[in-house]
1. All but one of (1) out of contact with any helix residue (DSSP H, G or I) (no Cβ under 7 Å at 6 or more places or on another chain); (2) under 21 Å from Thr161 (Cβ atoms); (3) among the polar types (S, T, N, Q); (4) not in a loop (DSSP other than H, G, I, E, B) hold for Ser21; state the number of the condition that does not hold.
2. How many residues does the stretch 15-33 contain that are exposed (fewer than 14 other Cβ atoms within 10 Å of the Cβ), of a type outside the set (Lys, Arg) and out of contact with any His (no Cβ under 9 Å at 6 or more places or on another chain)?
3. Test each condition in (1) modelled with pLDDT of 95 or more; (2) touching a Leu at 6+ places or on another chain (Cβ under 7 Å) for Ala81 and report the one that comes out false.
4. Of all residues in the stretch 46-63 being in contact with a strand residue (DSSP E or B) (Cβ under 7 Å, 6 or more places away or on another chain) and not β-branched (Val, Ile, Thr), which is surrounded by the fewest Cβ atoms within 10 Å (Cβ to Cβ)?
5. Inspect all residues belonging to the stretch 53-62 and state whether any of them is farther than 20 Å from Leu106 by Cβ and either modelled with pLDDT under 95 or small (Gly, Ala, Ser) (or both).
6. What residue, of Asn12, Asn43, is within 14 Å of Val72 (Cβ to Cβ), among the polar types (S, T, N, Q) and buried (at least 21 other Cβ atoms within 10 Å of the Cβ)?
7. If I ask for residues that are part of a loop (DSSP other than H, G, I, E, B) and closer than 15 Å to Leu8 by Cα, which ones from the stretch 92-107 would you list?
8. Go through the stretch 8-26 and count every residue that is at pLDDT 90 or above and touching an Asp or Glu at 6+ places or on another chain (Cβ under 9 Å).
Amino acid sequence: MPCFIAFLRGINLGKRRLPMSRLKALFEELKFKDVATFIASGNVLFTATERDTAKLEARIGAHLEKSLGYSVDTFVRTAEAVAAVAAAKVFPEDGRDGVTIHVAFLQRELPAEVATKLAGIRTADDEFRVIGREFYWLCRIRTSDSKVWTLPEMKALRLPTVTMRNLGSVRKLVAKHVA
């Protein structure tokens, strides 16, 4: 059976706190196998016979909403796809001190026009790259100090819902769980 990783948006933020043992049990209720969580931010590894990630996203999202009482945006990738994200060196500054790279997971690829506009947004501190169903954000300052998300051109994009992870965390997940 193929291995998948679900990235859940908004888990363990605000009033949406739940033990990872409960999250693991919810995935096991869906008859997934080899379920494991990675850090308490909504990263769940599992195996399934279903191979269509869109169907898995819908099935997981519906089950979580029914069980938890609130909507949970769900983004599913194969283990191989996540390994490729972890291995990507999309910015020459990757690995330098003071640089943070985040990866945003999308359910579908951005329309070409939106992807081009996002990749064109650049400040002295921020850059973006779009590759498939992910986009990467390089930030040369503390991410909480970045003003890039308040720029009029960023707001005009009306990006779809995403879940974002620090690329370093994705790399640790792959090193620990993906052969």
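1. Evaluating Ser21 over (1) out of contact with any helix residue (DSSP H, G or I) (no Cβ under 7 Å at 6 or more places or on another chain); (2) under 21 Å from Thr161 (Cβ atoms); (3) among the polar types (S, T, N, Q); (4) not in a loop (DSSP other than H, G, I, E, B) leaves (2) as the failure.
2. The first filter runs over the stretch 15-33 and keeps only residues exposed (fewer than 14 other Cβ atoms within 10 Å of the Cβ), leaving 15, 17, 19, 21-22, 25, 28-29, 31, 33.
With the extra rule that they be of a type outside the set (Lys, Arg), the set shrinks to 19, 21, 25, 28-29.
Checking which are out of contact with any His (no Cβ under 9 Å at 6 or more places or on another chain) leaves us with 19, 21, 25, 28.
Number of matching residues: 4.
3. Ala81 satisfies all of (1) modelled with pLDDT of 95 or more; (2) touching a Leu at 6+ places or on another chain (Cβ under 7 Å) except (2).
4. Going residue by residue through the stretch 46-63, those that are in contact with a strand residue (DSSP E or B) (Cβ under 7 Å, 6 or more places away or on another chain) are 46-48, 53, 56-57, 60-61.
Now restrict to residues that are not β-branched (Val, Ile, Thr): 46, 48, 56-57, 61.
Working: Phe46: 25, Ala48: 23, Leu56: 20, Glu57: 18, Gly61: 20.
Selected residue: Glu57.
5. Taking the stretch 53-62 as the starting set, the residues that turn out to be farther than 20 Å from Leu106 by Cβ are none.
Scanning the stretch 53-62 turns up no residue that is farther than 20 Å from Leu106 by Cβ and either modelled with pLDDT under 95 or small (Gly, Ala, Ser) (or both).
6. On the way: Asn12 fails: buried (at least 21 other Cβ atoms within 10 Å of the Cβ).
Testing whether each residue is within 14 Å of Val72 (Cβ to Cβ), among the polar types (S, T, N, Q) and buried (at least 21 other Cβ atoms within 10 Å of the Cβ) leaves just Asn43.
7. Looking only at the stretch 92-107, we keep the residues that are part of a loop (DSSP other than H, G, I, E, B), and these are 92-99, 106-107.
Once the filter is applied, which keeps residues that are part of a loop (DSSP other than H, G, I, E, B) and closer than 15 Å to Leu8 by Cα, the stretch 92-107 yields Leu106, Gln107.
8. Start the filter on the stretch 8-26 by keeping residues that are at pLDDT 90 or above, which leaves 8-9, 18-26.
Remaining after also requiring touching an Asp or Glu at 6+ places or on another chain (Cβ under 9 Å): 8-9.
Counting residues in the stretch 8-26 that are at pLDDT 90 or above and touching an Asp or Glu at 6+ places or on another chain (Cβ under 9 Å) gives 2.
The values are calculated or read from the model by the stated rules, or taken from the named source; none is laboratory data. Because the structure is a prediction, the values reported are computed rather than measured. Note that each Cβ is placed from the backbone with ideal geometry, even for glycine, and that neighbours are counted across all protein chains shown.
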